[in-house]
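As structure tokens, the structure follows; a few thoughts come after it.
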Amino acid sequence: MELQDRLEELESSGIGVAAISYDSQEVLAAFAERRGITFPLLSDDGSSVITEFGILNTVAMEGLGPNQDDPDVVADIHKYVAASVFDSQQLRRTIVGTPYPGTFMLDANARVTSRFFEEFYRERNTTSNVMLKLGIGLTPIAAVRGTTAQLKFTAYPSNSTVTAGTRFSLAVEVEPNPDMHVYAPGAETMGYRVIGLNMAPSEHVRFEPVSFPESEIYHFKPLDEYVPVYQKSFTLLQEAVVDASPEAEAALAELDALTLSGSLDYQACDDAICYPPASVPLSFTLDLERLDYQRAIPR
Amino acid sequence: MSRKPMVIVMATLIIGLTWMVYAPTSPPTRTKIDVSLLGPQVGERVPDFSLPDQNGQLHNLNSIMGPNGALLLFHRSASW
């Protein structure tokens, strides 16, 4: 379980960790043993806590009930329960009582500070991606470092291994040289080139819009312009999802790794000089893992 | 003062009730599921619980909480 790999970083950030499922204590004990899991795997046998939280997967029950042929029910089943699961009578029964999978981040008073739930059954956020988005200290893995005349950058993926349905991020930390700035969103209206992480389309990966951190306003006195820029170290996040369709899963099974290519494009200026727009090629190679269908004790 | 309005109201009620009783059992209108609206939202406190872990030790919100909060993951199952 990926969460175990990130446990130390979460704990050193002062964040407690627990996972809840409807499994019996025996199933969880076997799973913890097999995967070396040390944080609490809580057994909500009977799904009462899952129900109280309001995240019980009710589609599964509807699909076994009198409205199972209702087109709306069928559509939701395809969205929230994999069709392959629903084709099997045995799996249909096992999915009843499960939650819509997701993560709550809580403050010390148990209030939700953010939540990550997937819209589609097959897609799931990685813990590292959640941490990266929340700015929780994450040690860059498989990082590529580079230096240009105007800045330094470190590019790394949230996860070095992905599988069909993985929601992950590509991060690029950029540190402009002293007195240098690069342009933030909004500066394009004044004719500047906004920094961008531009990934080439991939057959198996869907890219979300790049997320930019908050910028600062730079007063360019000669033109009396107020321009949104980055002058200090900042991180661009490119969230992405590996295609989870059965066709994609079959195609990915033939591959050992995915290479995603793109470029970091920017224009940098200091008080006196604006340098020509630059483009630095970047590529990320992610190992591919087959979906884990390993079973513990049959329920 | 006319009693007509009251009669109309009563008639409407009776027709309505009769329809409710005898209407064919059509499936109730169903709200499409939107997971983003389910469960505690940002700013809300989550319900407390008391559940055993893999070693039989009981946990609640307090016991899983770190000094800066907690990550609470709900997953489908460890067995499939």
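Looking across the range A:139-182, the residues that are among the polar types (S, T, N, Q) and out of contact with any helix residue (DSSP H, G or I) (no Cβ under 6 Å at 6 or more places or on another chain) come down to A:139, A:147, A:148, A:150, A:154, A:160, A:161, A:163, A:166, A:177.
Taking the range A:12-32 as the range and being of a type in the set (Asp, Glu) and within 7 Å of another protein chain (Cβ to nearest Cβ) as the test, only A:23 passes. When the range A:1-32 is limited to residues that are touching a helix residue (DSSP H, G or I) at 6+ places or on another chain (Cβ under 6 Å) and assigned to a loop (DSSP other than H, G, I, E, B), the one that is nearest to residue B:66 (Cα to Cα) turns out to be A:6.
In summary, residue A:139 fulfils each of the numbered conditions (1) under 28 Å from residue B:64 (Cα atoms); (2) crowded, with 18+ Cβ neighbours inside 10 Å; (3) touching a residue at least 60 places away in the same chain (Cβ under 8 Å) with the single exception of condition (2).
If only residues of the range A:33-52 that are surrounded by fewer than 23 Cβ atoms within 10 Å (Cβ to Cβ), outside any loop (DSSP other than H, G, I, E, B) and under 25 Å from the mean Cα position of the chain (by Cα) are counted, the one that is nearest to the other protein chains (Cβ to nearest Cβ) is A:50. For the range B:36-54, name all the residues that are within 7 Å of chain A (Cβ to nearest Cβ) and loosely packed, with under 15 Cβ neighbours inside 10 Å. B:36, B:41, B:42, B:43, B:44, B:45, B:47 - these are the residues of the range B:36-54 that are within 7 Å of chain A (Cβ to nearest Cβ) and loosely packed, with under 15 Cβ neighbours inside 10 Å. Of the candidates A:223, A:236, the single residue that is aliphatic (A, V, I, L, M) and either under 22 Å from the mean Cα position of the chain (by Cα) or not assigned by TED's automatic domain parsing to the domain that holds residue A:164 (or both) is A:236.
Only residues that are touching a strand residue (DSSP E or B) at 6+ places or on another chain (Cβ under 8 Å), within 7 Å of another protein chain (Cβ to nearest Cβ) and not small (Gly, Ala, Ser) were counted across the range B:55-80, and they come to 10.
Candidates A:258, A:252: the one that is touching a His at 6+ places or on another chain (Cβ under 9 Å) and in a helix (DSSP H, G or I) is A:252.
The set of residues from the range A:239-249 being over 30 Å from residue A:176 (Cβ atoms) and either outside the structural domain of residue A:206 (by TED's automatic domain parsing) or buried (at least 18 other Cβ atoms within 10 Å of the Cβ) (or both) comprises A:241, A:242, A:243, A:244, A:249. When residue A:88 is tested against (1) at pLDDT 90 or above; (2) surrounded by fewer than 22 Cβ atoms within 10 Å (Cβ to Cβ); (3) more than 24 Å from the chain's Cα centre (by Cα), exactly one condition is not met: (1).
Restricted to the range A:116-145, and to residues there that are more than 8 Å from chain B (Cβ to nearest Cβ) and β-branched (Val, Ile, Thr), the residue that is farthest from residue B:75 (Cα to Cα) is A:144. The single residue among A:271, A:265 that is under 21 Å from residue A:216 (Cα atoms), touching a residue at least 60 places away in the same chain (Cβ under 8 Å), part of a strand (DSSP E or B) and charged (D, E, K, R) turns out to be A:265. Of all residues in the range A:210-247, those satisfying the criterion of being free of Cβ contacts under 8 Å to residues at least 40 places away in the same chain, among the acidic types (Asp, Glu) and assigned to a strand (DSSP E or B) are A:216, A:225. Apart from one condition, residue A:222 fits all of (1) more than 24 Å from residue A:260 (Cβ to Cβ); (2) touching a strand residue (DSSP E or B) at 6+ places or on another chain (Cβ under 8 Å); (3) not charged (D, E, K, R); the exception is (2). Among residues of the range A:97-115 that are within 16 Å of residue A:50 (Cα to Cα) and more than 7 Å from chain B (Cβ to nearest Cβ), those with a Cβ under 8 angstrom from a residue that is β-branched (Val, Ile, Thr) and surrounded by 22 or more Cβ atoms within 10 Å (Cβ to Cβ), sequence gap 6+ or separate chain, pair up as A:97/A:50.
The values are calculated or read from the model by the stated rules, or taken from the named source; none is laboratory data. Quantities reported herein were computed from a predicted structural model and do not represent experimental measurements. Here Cβ is always computed from backbone atoms with ideal geometry, including for glycine, and neighbour counts include all displayed protein chains.
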